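First up is the structure itself, then whatever we jot down about it.
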Amino acid sequence: MTEIQNPTPREAFELLMAGNRRFVSGAPEHPNQDAIRRTEIAPSQQPFAVLFGCSDSRLAAEIIFDRGLGDLFVVRTAGHVAGAEVLGSVEYGVSVLDAPLVVVLGHDSCGAIAAARAAADGGRVPAGFVRDVVERVTPSVLAARAAGRETAEEILAEHIEHTVDLLLERSRVLTERVAAGRLGVVGLSYRLADGSAQLVATRGLDAAVPAAS
């Protein structure tokens, strides 16, 4: 495998998606997972992407994108809800580590989204801090329904896009880098059954989002 030094946002995106295609096809290469790589990056890191995804145990980033040590700066929360700690972590990956790509990764059968849908329909709201997670997802559910988007897939896409926009609205660091052409921010929807990651939102990257079927 030929690695790209200092990739552009577009090159970083293609590198990530190439790994997902290998994973889906059952032919992963497991790059950068040996002792040589471990020693090489011990002094410093230079990940090519910041990945902000759901904490779901079936969404292990380095596995589903066939990457290794030092490749991805990963931040995960249930339902990929973003608070100050998440924003600070994403900004660190971009401004300090100089990653050219930020990825928001959601997935089908997401428990946080299902709970938010149930709460929006008048169901029981979870107790404790899980309630906070559900409340942060609920605006995406309501926005999707207001636009006539009722299916689970449509609500998931809405939530992913909402998270992409939230990162850019709240972070001047990200917005300025996107405007300067130094950063791409994308939203991907992961399918648990076949392992594929589908593009649903893009900012600062010349990649086309497939039309809804």
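Summary table
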item	result
Within the stretch 1-112: Cβ-based charge dipole about Cα centre, in debye rounded to nearest 20 (Lys, Arg +1; Asp, Glu -1)	160 debye
By accessible area with a 1.4 Å probe, ligands and nucleic acids excluded, highest first: order of 22, 124	124, 22
Overall form of the stretch 143-198 per C-alpha gyration tensor (a/c, 1.5; a/b vs b/c)	oblate
Volume in Å³ per residue [convex hull over Cα atoms, computed for the stretch 51-147]	117 Å³
Cα gyration tensor shape of the stretch 1-100, rounded if a/c is under 1.5, else prolate or oblate by comparing a/b with b/c	oblate
Exposed-site-free run, longest, the chain (rule: GluC sites (Glu not before Pro); DSSP loop; at most 16 other C-beta within 10 Å)	30-149
Computed [θ] at 222 nm, helices only, for the chain once each DSSP H run of length n ≥ 4 contributes -39500 (n - 2.57)	-13000 deg cm²/dmol
Cα gyration tensor, the chain - rounded (a/c under 1.5), prolate or oblate	prolate
Rounded accessible area of residue 55 (nearest 10 Å², 1.4 Å probe)	60 Å²
Mean accessible surface per residue for the chain, computed with a 1.4 Å probe while every protein chain stays in place, in Å²	49 Å²
Accessible surface of the stretch 153-198 [probe 1.4 Å, protein heavy atoms]: carbon and sulfur percent	42 percent
Derived scalar couplings ³J(HN,Hα) [the stretch 52-67; Karplus, 6.51 cos²θ - 1.76 cosθ + 1.60; whole Hz; x for Gly, Pro]	10, x, 6, 6, 3, 5, 8, 10, 5, 4, 5, 7, 6, 10, 6, 10
Fraction of beta bridges assigned by DSSP in the chain that are antiparallel (%, nearest 5)	25 percent
Calculated from backbone phi, Karplus (6.51, -1.76, 1.60) coupling profile of the stretch 32-45 in Hz, x at Gly/Pro	6, 10, 10, 5, 4, 5, 4, 5, 4, 9, 4, x, 6, 10
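The values are calculated or read from the model by the stated rules, or taken from the named source; none is laboratory data. The model shown is predicted, which means the values in this text are computed figures rather than measured ones. Glycine also receives a Cβ, built like all others from the backbone with ideal geometry; neighbour counts cover every protein chain displayed. When the accessible area is computed, the model is the full protein with side chains, heavy atoms only, and any ligands, DNA or RNA have been set aside. Shrake-Rupley method; radii C 1.70, N 1.55, O 1.52, S 1.80 Å.
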